[in-house]
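The values are calculated or read from the model by the stated rules, or taken from the named source; none is laboratory data. What you see is a predicted model, and the numbers here were worked out from it, not measured in a lab. So basically every Cβ, Gly included, is an ideal-geometry build from the backbone, and we count neighbours across all protein chains shown. Each accessible area value is taken on the protein alone, full model and side chains, heavy atoms only, with ligands, DNA and RNA left out. Shrake-Rupley method; radii C 1.70, N 1.55, O 1.52, S 1.80 Å.
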Amino acid sequence: MRKGFFFVLPSLTGVILFLLLPFADVVRRSFFDVLGNAFVGLRNYQTVFQNGAFLQAASNTLRFTAVCIPLLVTVSLAAAVLLKEQKGMGSIFKSMYLVPMAIPVASVVLLWKLLFDRSGILNGLFSLEIDWMNSEYAFWVLVFSYLWKNLGYDVILWLAGLAGIAPEIYEAARVDGAGQWRCFFSITLPNLLPSLYTITVLSFLNSFKAFREAYLVAGDYPHQSMYLMQHLFNNWFRELSLDKLAAGAVINAAAILLLVMLLRRAWEKE
Amino acid sequence: MKGKLPMLLLGALAFLCCYPVLFLLTGTLMDNGELREALSPVVQQSGGAVTWRLLPRYPTLQHYLELLLDEPEFFVMFWNTVKLTAAILAGQFLIGTPAAWGLARFCFPLRRLLSVLYIILMMMPFQVRMLSDYLVLDRLHLLDTHAGIILPAVFSTFPVFIMYRFFRAIPEAILESARLDGAGVLQIFFYIGLPLGAGGIVSALVLSFLEYWNLIEQPLTFLKDKSLWPLALYLPNIGAEKAGTAFVSSVFTLAPAVFTFLLGKDYLEQGIAAAAVKE
């Protein structure tokens, strides 16, 4: 059955050539100076961890993740549970939730700009005077756009989880006199726990794409509350600070791996 | 949870999700006067706030004509995006499909390790891959070329993961009976694997299409020459004073994605849900 390996070979060659080898070089470079010649030990890591912009970007990214993911996971679960009960219109709504996924970021930039301008539609509608993109609110604009974009994706994932729960369990519970809420907390939620891991991880991965909105709406230097890791890396790239970039990439990869493994551990305990 | 309230909430949410499409379409149909009037608070800082009508007062196709006749730049960018997306999808199909089949239906040493490796690689966002991509493209002299955007994307492990899930779901009994009838490894792949896994392949390609039609980070980093840029980098640079053009370009960018979405909506749903199935 070794023939299977030959099916994988073209892909694996590309993966090694384009991903693994260069990343190994990045790890090596993270311990060398900017020209890649002199070994400097952990100095690049030290520089990065003392870099104000890095700390800002890291804390924004963490804050963004900590706010967005619980919000998205709960809202989409609520929508999925309600949607499952609907006949007819339900499947149309489900498709409509997916539309934002298909809308290219570049196409909505225009709407975002007109919506969140100081004299934009939103302020006009509610007679507000908020400068959305140039204040702390910029962070929340980004949160909103992430939720808007990913709601449908998570609803589909939850619905897949919900479809896996046997209807007999609900029937039995109803015969025993359990109400709707009781059913939700005692049957639906515990049975959805396995889906929670996948949904959290996928939502986390999608959260990195929020940079696109941030970049297209606000450019290279957005308000500091929406300054993300990718902004910082772009700046380092432009300055050709390859040493910092190498250390930063390794730190990011390690953090993502660690988080995914922690989630997996927590999930397998269930 | 009975009654009209949930329906109303769900409906409102659905409207919110789709409103941007309506907004863009409305904008393309407004004449210059109406656009100028509506957008003047933002464009000319004339005080007050932008008010937006749900439907245009005097619908016109003038901006569509203007874009078709006066903006050759737009078509260069549009063509760039088509070229990049088509090449990436073709590559992912050619390279990814056999890889997914190999990982899903064979036992060979390191198979498990490879599966885990592919999943880990799938999770790494561009910010992690940026420098390594740069190093490899620099060495291969592919910076500032379309090939430099296409090649790394072709070897993305995400489509492999999606197709893997679908190939796994094909019952072993079917393959077994084909083997008994004397079908070879390749025959089984082409005549059983591909047709039965077609749903998974289409799902992966629909997801990839939506992703790469929208590509921003890679071209932004690796393409200095603006004539190579995809649409996504061009659109935000149209000034608000050319609002009509901006609206129509946005709609043209949107159209292929929405079209793919409408055609492949069921596959898209299956592709998303494939990740949620526990093995």
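A quick yes/no check of all residues on (1) under 30 Å from B:Arg168 (Cα atoms); (2) open to solvent by less than 20 Å² (accessible area, probe 1.4 Å):
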| position | (1), (2) |
| --- | --- |
| A:Leu9 | yes, no |
| A:Val26 | no, yes |
| A:Arg29 | no, no |
| A:Val34 | no, no |
| A:Asn37 | no, no |
| A:Gly52 | no, no |
Of A:Leu115, A:Leu71, the only residue that is open to solvent by 60 Å² or more (accessible area, probe 1.4 Å) and more than 7 Å from chain B (Cβ to nearest Cβ) is A:Leu71
Which condition from (1) closer than 26 Å to A:Leu216 by Cβ; (2) open to solvent by less than 50 Å² (accessible area, probe 1.4 Å); (3) of a type outside the set (Asp, Glu) is the one that A:Leu62 breaks?
(2)
If you take the residues in the range A:170-197 that are surrounded by fewer than 15 Cβ atoms within 10 Å (Cβ to Cβ) and among the polar types (S, T, N, Q), which one is nearest to the chain's Cα centre (by Cα)?
A:Ser186
Qualifying position, being open to solvent by 30 Å² or more (accessible area, probe 1.4 Å) and at pLDDT below 90, among B:Arg112, B:Arg129, B:Arg139
B:Arg112
Within the range B:167-182, of all residues that are within 14 Å of chain A (Cβ to nearest Cβ) and open to solvent by 30 Å² or more (accessible area, probe 1.4 Å), the one nearest to B:Met123 (Cα to Cα) is B:Arg168
Those residues that are at pLDDT below 85 and not aliphatic (A, V, I, L, M), I need them from the range A:69-90; list them, please.
A:Glu85, A:Gln86, A:Lys87, A:Gly88, A:Gly90
Is the range B:228-247 home to any residue that is at pLDDT 90 or above and open to solvent by 30 Å² or more (accessible area, probe 1.4 Å)?
yes
Only one of (1) open to solvent by 10 Å² or more (accessible area, probe 1.4 Å); (2) under 14 Å from A:Gly14 (Cβ atoms); (3) within 11 Å of chain A (Cβ to nearest Cβ) fails for B:Gln92. Which number is that?
(1)
Which residues, counting only those in the range A:27-49, are within 18 Å of A:Asn235 (Cα to Cα), of a type in the set (Val, Ile, Thr) and in a loop (DSSP other than H, G, I, E, B)?
A:Val34
Considering only residues of the range A:249-270 that are at pLDDT 90 or above and facing chain B (nearest Cβ under 8 Å), which is surrounded by the most Cβ atoms within 10 Å (Cβ to Cβ)?
A:Ala249
Which one of these is part of a helix (DSSP H, G or I), facing chain B (nearest Cβ under 10 Å) and surrounded by fewer than 18 Cβ atoms within 10 Å (Cβ to Cβ): A:Leu128, A:Leu122, A:Leu110?
A:Leu122
If a residue must be within 9 Å of chain B (Cβ to nearest Cβ) and surrounded by 19 or more Cβ atoms within 10 Å (Cβ to Cβ), how many such residues does the range A:208-227 contain?
7
For the range A:135-143, indicate whether the set of residues that are touching a helix residue (DSSP H, G or I) at 6+ places or on another chain (Cβ under 7 Å), more than 28 Å from A:Ala106 (Cβ to Cβ) and not in a helix (DSSP H, G or I) is non-empty.
no
In the range B:95-113, what residues are within 26 Å of the chain's Cα centre (by Cα) and aliphatic (A, V, I, L, M)?
B:Ile95, B:Ala99, B:Ala100, B:Leu103, B:Ala104
Out of everything in the range A:11-24 that is crowded, with 17+ Cβ neighbours inside 10 Å and hydrophobic (A, V, I, L, M, F, W, C), what residue ends up being farthest from the chain's Cα centre (by Cα)?
A:Leu12
